[in-house]
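To start, the structure under review is shown below, and the notes come after it.
The values are calculated or read from the model by the stated rules, or taken from the named source; none is laboratory data. In this text, all values refer to a predicted model and were calculated from it rather than measured experimentally. Cβ sites come from the backbone with ideal geometry, for glycine too, and all protein chains shown count toward neighbours. Heads up: the accessible areas ignore ligands, DNA and RNA and are worked out on the full protein's heavy atoms, side chains in. Shrake-Rupley method; radii C 1.70, N 1.55, O 1.52, S 1.80 Å.
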Amino acid sequence: MPSRDRLASVVRPVRRAVLARRRLLAALLTAVAVAAGIHAAASPPPSAVPVSVAARDLPAGTVLDADDLRTVGFAPGSVPDGLADDAAGRTLAAPLRSGEPVTDLRLVGPALTDGYPGLAAVPVRLPDAGMVDLLRVGDRVDLVSADPQGGGASVVATGVPVLAIPTPTDASGTGLTGRLVVIGAEPADVARIADAAVRTFVTLSFAD
């Protein structure tokens, strides 16, 4: 019995000390949790990359101005490849949905042929503006050269893709009529197409 009393006399103060420190430890953990919450709330938001996107739905051929574009923040790692620098003033080769980033593939320029390896982008002025209204980017057409002096007609390119249809501009005072279309042509056909566009009327038919 005396040994049990001695054991109890030893355990009792130890237990009181543990209980006292447990309250202190609980208070300390609570303080740490509050401090962590305050730090998280005060932390700056994740960094964002500014990206130019369409301010509204835009059709192919639109010459972009500042009102057509707005800047939004993209999370790092979600930014698309091929973002266009200084897109204002350039012409859309394909439609853009509101909020869609402006990339080089959507603009008239060398990147137009990225989807058509080996082809060159060639602007061709068609005399019949109404015919151009029937075209859509991605159509395949045959280009036909017709001699206005009655010398007959010939096919100058077959199955060429329509890459862009620029919006018509006021050509008064320049003597130019019709509409421009940008097509993708084999390099060997470029000179023949350019010659036909200067000397003859170029029309088209839809390829099979």
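How many residues are β-branched (Val, Ile, Thr), part of a strand (DSSP E or B) and farther than 15 Å from Pro166 by Cα if we restrict to region 71-121? If you could, list the steps in order and put the result at the bottom.
Going through region 71-121, the residues β-branched (Val, Ile, Thr) turn out to be 71-72, 79, 91, 102-103, 108, 113.
Restricting the remaining residues to those that are part of a strand (DSSP E or B) gives 71-72, 91, 103.
Narrowing further to those that are farther than 15 Å from Pro166 by Cα: 71-72, 103.
Going through region 71-121 one residue at a time, the tally reaches 3.
State all residues of region 190-208 that are among the hydrophobic types (A, V, I, L, M, F, W, C), within 13 Å of Ala153 (Cβ to Cβ) and surrounded by fewer than 13 Cβ atoms within 10 Å (Cβ to Cβ); if no residue qualifies, say none.
The first filter runs over region 190-208 and keeps only residues among the hydrophobic types (A, V, I, L, M, F, W, C), leaving 190-191, 193-194, 196-198, 201-202, 204, 206-207.
Pick out the ones that are also within 13 Å of Ala153 (Cβ to Cβ) and you get 196, 201-202, 204.
Of everything in region 190-208, nothing turns out to be among the hydrophobic types (A, V, I, L, M, F, W, C), within 13 Å of Ala153 (Cβ to Cβ) and surrounded by fewer than 13 Cβ atoms within 10 Å (Cβ to Cβ).
Checking Gly159 against (1) within 22 Å of Ser52 (Cα to Cα); (2) among the small types (Gly, Ala, Ser); (3) open to solvent by less than 40 Å² (accessible area, probe 1.4 Å); (4) in contact with a strand residue (DSSP E or B) (Cβ under 7 Å, 6 or more places away or on another chain): exactly one of these is not met. Which one?
Failing condition for Gly159: (1).
Looking only at region 155-179, which residues are at positive phi and either β-branched (Val, Ile, Thr) or modelled with pLDDT under 90 (or both)? Walk me through how you get there before you give the answer.
As a first pass, look at region 155-179 and keep what is at positive phi: 159, 173, 175, 178.
Listed by number, the residues that qualify are Gly173, Gly175, Gly178.
Six or more apart or on different chains, Cβ atoms under 6 Å: show the pairs whose first residue is in region 134-154 and in contact (Cβ under 8 Å) with a residue 12 or more places away in the chain and whose second is open to solvent by 70 Å² or more (accessible area, probe 1.4 Å).
Here the result reads Val141/Phe206; Asp142/Val155; Asp142/Thr158; Val144/Ala153; Val144/Val155; Ala146/Ala153; Ala146/Phe201; Pro148/Phe201, each pair linking region 134-154 to a residue that is open to solvent by 70 Å² or more (accessible area, probe 1.4 Å).
Would you point out which residue out of Ala60, Ala36 is outside any strand (DSSP E or B), within 17 Å of Thr167 (Cβ to Cβ) and at pLDDT below 80? Spell out how you get there, then give the answer.
Working: Ala36 fails: within 17 Å of Thr167 (Cβ to Cβ).
Answer to the selection: Ala60.
Condition check ((1) modelled with pLDDT under 85; (2) of a type outside the set (Asp, Glu); (3) more than 30 Å from Pro50 (Cβ to Cβ)) across all residues:
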position: Ala111; (1), (2), (3): yes, yes, no
position: Gly118; (1), (2), (3): no, yes, yes
position: Asp128; (1), (2), (3): yes, no, yes
position: Gly151; (1), (2), (3): yes, yes, yes
position: Val181; (1), (2), (3): no, yes, yes
position: Phe201; (1), (2), (3): no, yes, yes
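How many residues does region 72-89 contain that are loosely packed, with under 10 Cβ neighbours inside 10 Å and either closer than 17 Å to Ala111 by Cβ or in contact with an Asp or Glu (Cβ under 6 Å, 6 or more places away or on another chain) (or both)?
Qualifying residue count for the region: 4.
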